[in-house]
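Trainee: Dumping the structure here so I can ask a few things about it.
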Amino acid sequence: MNSDSKEQYLIEKEPYYKEVHDEISLYEAAYAARLPMMVKGPTGCGKSRFVEYMAWRLKRPLITVACNEDMTASDLVGRFLLDKDGTKWQDGPLTTAARIGAICYLDEIVEARQDTTVVIHPLTDHRRTLPLDKKGELIQAHPDFQLVISFNPGYQSSMKDLKQSTKQRFGALDFSYPERTIEVEIVAHESGVSEDMAEKLVSIAERSRNLKGHGLDEGLSTRMLIYAGALIQKGVAPIAACSMALVRPITDDPDMRDALDAAVGTFF
């Protein structure tokens, strides 16, 4: 990564975000205090969009990392690479963010191994430092640097959860699906469908969310409704669009599919 230029990580166009409660002012206060933040909530409810919006609003560079189980500490911090001239150090995304004063967003942090996530600890307390052991360098984080993590508590098991020693380093904002009127507005805006069509899609989602824990791990997300609306906007029949974007992705269980197909049939 090129750590010399902040501009490549700036979000130039305002991301569409509809405030649900008072999360914008709370996050602004957290950033002013340089408090590391944790955003928690179900998949597809707007966590990543919120972080993008806040980075745009605060005019800060944003470096996003999609965490996964194969991610190592070197993937975050950096490593030595071989080239024709020998070896050279390549900063990882966390190091780049700490150097240039970006917001570093670790999406779905619990997907990373716990021995990987401990590297963030010195950045999330009074030290605000990042040791590069392989390079023998100690980075003092830029005054504008902030670390943000996200995860979905609904999917976590005892094997996949954040350590208390990590959790207690962060402030936290809880996210959920927006209340009906706001969700209808979001789906209509983002997909281009009419408000009436968006209301039908949200009604289907509400029924699916009642099935959480009764055959579904999660209900239909706002993101999925936007996908269905986008297909409808492109001329796909509503029932086919809902089958493709809502029912088939969320479950393979025949009984659950029948129940969701019936819910779709109620509105279309």
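Trainee: How large is the dipole of the chain about the Cα centre if only Lys and Arg carry +1 and Asp and Glu carry -1, each at its Cβ, rounded to the nearest 20 debye?
Mentor: 720
Trainee: Quick one: E137, E206, E183, fewest Cβ neighbours within 10 Å first, how do they rank?
Mentor: Result, fewest neighbours first: E137, E206, E183.
Trainee: Suppose we keep just the alpha-carbon trace of the chain; what are its Rg and Dmax in angstrom?
Mentor: 20.8, 67
Trainee: OK, next. Suppose R0 equals 35 Å. What FRET efficiency, 1/(1 + (r/R0)^6) with r the Cβ-Cβ distance, do K6 and L82 give to the nearest 0.05?
Mentor: Computed FRET efficiency for K6 and L82: 0.80.
Trainee: Can you tally the net charge around T87? Count Lys and Arg as +1, Asp and Glu as -1, for every other residue whose Cβ sits under 12 Å from the Cβ of T87.
Mentor: +3
Trainee: With θ set to phi - 60°, apply the Karplus curve 6.51 cos²θ - 1.76 cosθ + 1.60 along region 187-192 and write out the HN-Hα couplings as whole Hz, x wherever there is a Gly or Pro.
Mentor: 4, 5, 5, 6, 9, x
Trainee: Still on this structure: When the C-alpha atoms of region 89-242 are aligned to their principal axes, what extent does each axis show, in angstrom, from largest down?
Mentor: Largest first, region 89-242 extends 60, 33, 25 Å along its Cα principal axes.
Trainee: Here is a further query. Averaging over every viewing direction, what projected area does the convex hull of the Cα atoms of region 1-146 cover, in nm²? Walk me through the intermediate numbers first.
Mentor: On the way: hull surface 38.5 nm².
The Cα convex hull of region 1-146, projected and averaged over all directions, gives 9.6 nm².
Trainee: Which translational diffusion coefficient, to the nearest whole µm²/s, is obtained for region 180-267 from the Stokes-Einstein equation, given a Kirkwood hydrodynamic radius over C-alpha pairs, 4 °C and 1.567 mPa s?
Mentor: 103
Trainee: Still on this structure: Any chance you could count the Lys pairs in region 123-268 whose alpha carbons are under 27 Å apart, treating pairs 8 or more apart or on different chains as valid?
Mentor: Final tally of qualifying lysine pairs is 7.
Values quoted throughout were computed directly from the atomic coordinates according to the rules given, and no laboratory measurement underlies them. Every value quoted in this text rests on a predicted model; they were computed, and no experiment measured them. When we count neighbours, we look across all protein chains shown, and the Cβ atoms used for this are built from the backbone with ideal geometry, even at glycine.
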